[in-house]
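**Student:** Below are the C-alpha coordinates for one structure; questions will follow.
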Amino acid sequence: MKVPISIEFLSWPEVARVRDRGSGMLILPVGATEQHGPHLPINTDTVIATRVCEYASTETGVALLPTLAFTVSSGHTPKWPGTFSLTHEAFIETVCSISSWAVQTGWSKLLIVNSHFGNDASLRVAVEKIRLAHLGNLQIGLKHTFQ
(Lines give C-alpha, C1' and ligand atoms only; values in the text may rest on other atoms or scores of the structure.)
Protein backbone atom coordinates (compact mmCIF):
# COMPACT_ATOMS: atom_id res chain seq x y z
CA MET A 1 0.00 0.00 0.00
CA LYS A 2 1.36 3.40 -0.98
CA VAL A 3 1.45 6.14 1.64
CA PRO A 4 2.52 9.78 1.52
CA ILE A 5 6.08 10.58 2.52
CA SER A 6 5.45 13.11 5.29
CA ILE A 7 8.89 14.14 6.49
CA GLU A 8 7.53 15.54 9.76
CA PHE A 9 7.13 11.95 10.97
CA LEU A 10 10.67 10.87 9.99
CA SER A 11 13.97 11.13 11.81
CA TRP A 12 16.64 13.28 10.18
CA PRO A 13 18.58 10.26 8.82
CA GLU A 14 15.34 8.99 7.25
CA VAL A 15 14.72 12.43 5.72
CA ALA A 16 18.23 12.39 4.26
CA ARG A 17 17.58 8.97 2.71
CA VAL A 18 14.30 10.20 1.19
CA ARG A 19 16.09 13.25 -0.21
CA ASP A 20 19.00 11.21 -1.60
CA ARG A 21 16.95 8.47 -3.24
CA GLY A 22 14.37 10.82 -4.77
CA SER A 23 14.32 13.74 -7.13
CA GLY A 24 15.38 16.27 -4.49
CA MET A 25 11.85 17.65 -4.53
CA LEU A 26 9.61 18.77 -1.69
CA ILE A 27 5.92 19.68 -1.67
CA LEU A 28 4.75 22.46 0.66
CA PRO A 29 0.98 22.45 1.30
CA VAL A 30 -0.44 25.86 2.23
CA GLY A 31 -3.87 26.33 3.77
CA ALA A 32 -5.46 28.82 6.18
CA THR A 33 -7.12 29.03 9.57
CA GLU A 34 -10.27 31.07 9.12
CA GLN A 35 -14.02 31.06 9.17
CA HIS A 36 -15.88 29.29 6.39
CA GLY A 37 -19.37 30.16 7.43
CA PRO A 38 -21.22 28.61 10.34
CA HIS A 39 -21.20 25.13 8.80
CA LEU A 40 -17.52 24.33 8.10
CA PRO A 41 -14.47 24.00 10.38
CA ILE A 42 -11.79 26.70 10.41
CA ASN A 43 -9.23 24.24 9.00
CA THR A 44 -11.12 23.70 5.72
CA ASP A 45 -8.41 25.18 3.45
CA THR A 46 -5.67 23.41 5.40
CA VAL A 47 -7.40 20.04 5.06
CA ILE A 48 -7.82 20.56 1.31
CA ALA A 49 -4.13 21.45 0.82
CA THR A 50 -2.98 18.57 3.00
CA ARG A 51 -5.12 15.93 1.29
CA VAL A 52 -4.24 17.08 -2.24
CA CYS A 53 -0.53 16.99 -1.38
CA GLU A 54 -0.76 13.66 0.42
CA TYR A 55 -2.32 12.20 -2.72
CA ALA A 56 0.43 13.70 -4.88
CA SER A 57 3.11 12.34 -2.54
CA THR A 58 1.52 8.89 -2.53
CA GLU A 59 1.38 8.80 -6.32
CA THR A 60 4.85 10.25 -6.99
CA GLY A 61 7.01 9.45 -3.97
CA VAL A 62 7.84 13.15 -3.55
CA ALA A 63 8.44 14.20 0.05
CA LEU A 64 5.84 16.30 1.83
CA LEU A 65 6.55 19.15 4.26
CA PRO A 66 4.14 19.92 7.12
CA THR A 67 1.20 22.04 6.00
CA LEU A 68 1.30 25.77 6.71
CA ALA A 69 -1.97 26.44 8.50
CA PHE A 70 -1.45 30.03 9.64
CA THR A 71 -1.25 32.19 6.53
CA VAL A 72 -2.92 35.36 5.16
CA SER A 73 -6.59 35.78 6.03
CA SER A 74 -6.54 39.56 6.36
CA GLY A 75 -9.64 39.87 4.18
CA HIS A 76 -11.63 38.47 7.07
CA THR A 77 -12.41 40.48 10.16
CA PRO A 78 -12.00 39.64 13.84
CA LYS A 79 -15.82 39.46 13.85
CA TRP A 80 -15.51 35.71 13.23
CA PRO A 81 -13.84 33.80 16.07
CA GLY A 82 -11.35 31.25 14.80
CA THR A 83 -9.82 33.36 12.05
CA PHE A 84 -6.07 33.80 12.55
CA SER A 85 -3.94 35.70 10.06
CA LEU A 86 -0.31 36.48 9.51
CA THR A 87 0.63 39.75 7.87
CA HIS A 88 1.60 39.52 4.22
CA GLU A 89 5.19 40.29 5.17
CA ALA A 90 5.37 37.62 7.87
CA PHE A 91 3.90 35.01 5.55
CA ILE A 92 6.28 35.88 2.70
CA GLU A 93 9.25 35.70 5.10
CA THR A 94 8.05 32.34 6.44
CA VAL A 95 7.86 30.81 2.97
CA CYS A 96 11.23 32.31 2.02
CA SER A 97 12.82 30.95 5.21
CA ILE A 98 11.44 27.46 4.61
CA SER A 99 12.83 27.59 1.08
CA SER A 100 16.25 28.70 2.31
CA TRP A 101 16.36 25.80 4.75
CA ALA A 102 15.37 23.43 1.97
CA VAL A 103 18.31 24.59 -0.15
CA GLN A 104 20.74 24.53 2.79
CA THR A 105 19.75 20.95 3.60
CA GLY A 106 20.21 19.65 0.07
CA TRP A 107 16.79 19.91 -1.62
CA SER A 108 16.74 21.27 -5.17
CA LYS A 109 13.03 21.56 -6.04
CA LEU A 110 10.03 22.95 -4.18
CA LEU A 111 6.40 22.90 -5.24
CA ILE A 112 4.05 25.07 -3.19
CA VAL A 113 0.41 23.92 -3.33
CA ASN A 114 -1.99 26.57 -2.05
CA SER A 115 -5.67 26.11 -1.24
CA HIS A 116 -6.54 29.61 0.02
CA PHE A 117 -7.15 32.51 -2.36
CA GLY A 118 -5.99 35.06 0.22
CA ASN A 119 -2.45 33.67 -0.06
CA ASP A 120 -2.15 34.20 -3.81
CA ALA A 121 -0.48 37.62 -3.98
CA SER A 122 1.90 36.93 -1.11
CA LEU A 123 2.89 33.57 -2.56
CA ARG A 124 3.59 35.11 -5.96
CA VAL A 125 5.92 37.62 -4.28
CA ALA A 126 7.56 34.87 -2.20
CA VAL A 127 8.13 32.66 -5.25
CA GLU A 128 9.81 35.51 -7.12
CA LYS A 129 12.03 36.32 -4.13
CA ILE A 130 12.94 32.65 -3.70
CA ARG A 131 13.65 32.23 -7.41
CA LEU A 132 16.07 35.15 -7.40
CA ALA A 133 17.69 34.28 -4.05
CA HIS A 134 18.38 30.67 -5.05
CA LEU A 135 18.90 31.00 -8.78
CA GLY A 136 20.55 27.84 -10.06
CA ASN A 137 20.08 26.02 -6.73
CA LEU A 138 16.32 25.67 -6.36
CA GLN A 139 13.54 25.17 -8.86
CA ILE A 140 10.37 26.69 -7.41
CA GLY A 141 6.77 26.24 -8.51
CA LEU A 142 3.34 27.36 -7.31
CA LYS A 143 0.00 25.66 -7.92
CA HIS A 144 -3.39 26.65 -6.55
CA THR A 145 -6.09 24.06 -5.85
CA PHE A 146 -8.83 26.57 -6.68
CA GLN A 147 -7.93 27.28 -10.31
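The values are calculated or read from the model by the stated rules, or taken from the named source; none is laboratory data. If you're wondering where the values come from, they're calculated on a predicted model, not measured in any experiment. Here the Cβ positions follow ideal geometry from the backbone for every residue, glycine too, while neighbour counts run over all protein chains shown. Side chains are part of the model used for accessible areas, which takes the heavy atoms of the whole protein and leaves out ligands, DNA and RNA. Shrake-Rupley method; radii C 1.70, N 1.55, O 1.52, S 1.80 Å.
**Student:** Within straight cross-link reach of Lys109, meaning Cα distance under 17 Å, which lysines are found once same-chain residues fewer than 8 apart are removed?
**Tutor:** By straight Cα distance, Lys109 reaches Lys129, Lys143.
**Student:** Restricting to Cα pairs below 8 Å that are 6+ residues apart, what does the relative contact order work out to for the stretch 21-68? Please round to a whole percent.
**Tutor:** In percent, rounded to a whole number, it is 49.
**Student:** Normalised by the number of residues in the stretch 19-103, what is the relative contact order in percent for Cα pairs under 8 Å and 6+ residues apart?
**Tutor:** Reported relative contact order: 31 percent.
**Student:** If the label point is 7 Å along Cα→Cβ of Asp20, which residues in the stretch 92-134 have backbone nitrogen under 19 Å from it?
**Tutor:** Output list for this probe position: 102-109.
**Student:** Another question, if that's okay. Counting alpha carbon pairs within less than 8 Å and at least 6 residues apart, what relative contact order, in whole percent, applies to the stretch 42-147?
**Tutor:** After rounding, I find 26 percent.
**Student:** A further question on this structure: Please report, as a whole percent, how much of the solvent-accessible surface of the chain comes from carbon and sulfur atoms (probe radius 1.4 Å).
**Tutor:** Carbon-and-sulfur percentage of accessible area, whole number: 62.
**Student:** What do you get for trypsin sites (Lys or Arg not before Pro) in the stretch 1-50 restricted to DSSP loop and a cutoff of at most 15 other Cβ within 10 Å of the site's Cβ?
**Tutor:** Answer in residue order: Lys2.
**Student:** Calculate I(q)/I(0) for the stretch 69-143 by the Debye formula, one identical point scatterer on each C-alpha and no solvent, and give its log10 at q = 0.16, 0.28 Å⁻¹ to two decimals.
**Tutor:** -0.57, -1.33
**Student:** Hey, got a sec? Which trypsin sites (Lys or Arg not before Pro) in the stretch 77-147 land in a DSSP loop and have at most 16 other Cβ atoms within 10 Å?
**Tutor:** Here the trypsin sites (Lys or Arg not before Pro) that fit, given the DSSP loop and packing criteria, are Lys79.
**Student:** In nm, give the distance between the simple-model label positions of Thr60 and Ser74, each being 7 Å from the Cα along the Cα-to-Cβ direction.
**Tutor:** Spacing of the two 7 Å Cα→Cβ label points: 3.0 nm.
**Student:** Over the alpha-carbon set of the chain, divide Rg by the Kirkwood Rh and report the Rg/Rh ratio to two decimals.
**Tutor:** Expressed as Rg/Rh, it is 0.98.
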